[in-house]
Amino acid sequence: MTVEQVESMGHETFVYGRTGQSDELTIVHVPGHFEAEPGASLAFTFDPVFAHLFSSVDGRSLKGARI
């Protein structure tokens, strides 16, 4: 993921960026404080059970979609 913006909310941080596989915006929730500069390259892993996916066409939730 290439970082575009980091939003620290105190007890949690949201990292916004794009992956090399897609031009879609990806938002990663990180518990606690996390720092990264725009343009930095980061790798994340996640448990698909906790993923929230949305349609790039209409923004609707894809709850139940297979990853």
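The values are calculated or read from the model by the stated rules, or taken from the named source; none is laboratory data. Keep in mind it's a predicted model, so treat the numbers as computed, not measured. Reconstructed Cβ throughout: ideal geometry from the backbone, glycine too, with neighbour counts over all protein chains shown. Calculation scope for accessible area: heavy atoms of the full protein, side chains included, ligands and nucleic acids excluded. Shrake-Rupley method; radii C 1.70, N 1.55, O 1.52, S 1.80 Å.
So in segment 1-20, with the set limited to residues that are among the hydroxyl-bearing types (S, T, Y) and touching a Pro at 6+ places or on another chain (Cβ under 9 Å), which one is modelled with the lowest pLDDT? Once the filter is applied, the top-ranked residue is T2. Inside segment 21-67, residues that are part of a loop (DSSP other than H, G, I, E, B), under 14 Å from E4 (Cβ atoms) and at pLDDT 90 or above make up a count of 6. Number of residues in segment 36-51 that are loosely packed, with under 10 Cβ neighbours inside 10 Å and within 20 Å of H11 (Cα to Cα) equals 2. Residues in segment 5-28 that are touching a strand residue (DSSP E or B) at 6+ places or on another chain (Cβ under 6 Å) and open to solvent by 90 Å² or more (accessible area, probe 1.4 Å): 2 in all.
The condition of being closer than 17 Å to L53 by Cα and in contact (Cβ under 8 Å) with a residue 24 or more places away in the chain holds for only one of E35, E4, E24, that being E24.
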